[in-house]
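Inspection log for the structure reproduced underneath, given as structure tokens.
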Amino acid sequence: MKVSLGASRWKALAATALATIVASTVPGTVSAVAADRDDRVARSENWGVIPRNTIGSPVAILRDGPVVPGNNGRPPYGNGSLGIEVAGRSAADTDDAEKADFGNSVDFLGENFLQVDRVGFNVFQSSANLAGGDPNDGSLGGTNLPAIRFEINPNLSTSPDRYTVAVWRPDAVQARYLDQWSPFLDATTSGSWHLTGGETACNQAARCTFAELQDSLDDGGATPTVLSFGVSKGRDCAWVGAVDGLRLNQYVYDFERNYDFERNGVNARRVR
């Protein structure tokens with residue numbers, strides 16, 4: 001498998017981003033809008049695979065569908081979605097599991113993480129994905145779903161760290177939505193969050209709600225700021241599926257296949 005839609009201009013952007021770090025509900029009716037940098041809308045061309053966070057040779061590609069029979073058989077926005085395929089660990093090599101990160105390292109840079117109030121996505125989860133289980137809870141009926149990741153500067157007075165990742169792990173999709181598109185999964189009211197660096201009590205061993213995560217980062221000093229935002233899968237279980245309708249605050253990002261391979265097909269839709 002090959003990684004598709006790699007992020008361009010990465011080296012120059014990474015240098016600027018890292019320098020800044022060191023220095024420093026279900027969606028309603030939506031309409032397509034032009035990407036306006038002043039309104040903090042993420043431009044289509046700034047979405048893609050985040051190279052520094054991608055491991056192995058997974059697939060993360062804008063595609064048509066998937067489409068299946070039934071009331072929830074089509075992507076929630078448009079005709080396409082973000083297709084993701086990752087391989088899990090093999091018996092022969094416990095360190096060969098893949099990881100795919102698809103997101104935006106440009107347009108959300110410097111945003112106040114405490115001002116995030118709506119985030120989530122719709123997912124196409126197959127029943128076959130459950131056969132691999134979820135190593136985080138040790139059961140075959142585990143969630144085994146993509147995550148949402150914010151790379152952030154936590155800006156905590158109690159920690160020297162200037163880099164960590166806020167990760168949302170969704171709850172399992174209800175059985176009636178397997179092998180079709182789920183409703184919007186609200187990351188502010190469901191699932192669990194943690195910081196990868198253990199900078200607060202909200203860590204991998206003691207995951208928390210979104211409100212608790214934000215409270216743990218609000219120590220009265222400098223605000224935590226965003227470096228990147230996106231969707232991730234791995235390195236745990238093999239997974240084949242798709243994500244659409246990725247939401248951040250007032251915008252839903254609609255993933256569409258783009259036949260012009262020089263540009264990505266990520267459309268910003270503003271919630272009315």
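Things worth noting here:
- Solvent-accessible surface ranking, highest first, for T158, T200 at 1.4 angstrom: T158, T200
- For region 96-101, putting each phi into the Karplus relation 6.51 cos²θ - 1.76 cosθ + 1.60 with θ = phi - 60° gives couplings of 9, 5, 9, 8, 10, 10 Hz, in residue order, rounded to whole numbers and with x for Gly and Pro.
- Residue-level accessible surface for D179, protein heavy atoms, 1.4 Å, Å²: 70
- Accessible area, probe 1.4 Å, largest first, for residues L195, L185: L185, L195
- Built amide H within the under 5 Å cut-off of G265, gap 5+: E256, N258
- For Q180, residues with placed amide H under 5 Å, excluding near neighbours: Q125
- Heavy-atom accessible surface of R63, to the nearest 10 Å², is about 90 Å², with a 1.4 Å probe and all protein chains retained.
- Ranking Y259, Y177, Y253, Y163 by solvent-accessible area of protein heavy atoms (1.4 Å probe, all protein chains present), from largest to smallest, gives Y259, Y163, Y177, Y253.
- A 1.4 Å probe, protein heavy atoms only, puts the accessible area of R176 near 150 Å².
- Solvent-accessible area of region 178-223 (1.4 angstrom probe, protein heavy atoms only): carbon and sulfur portion equals 48 percent.
The values are calculated or read from the model by the stated rules, or taken from the named source; none is laboratory data. All figures in this text were calculated on a predicted structure; none of them were measured in a lab. Heavy atoms of the whole protein, side chains included, go into the accessibility calculation; ligands, DNA and RNA do not. Shrake-Rupley method; radii C 1.70, N 1.55, O 1.52, S 1.80 Å.
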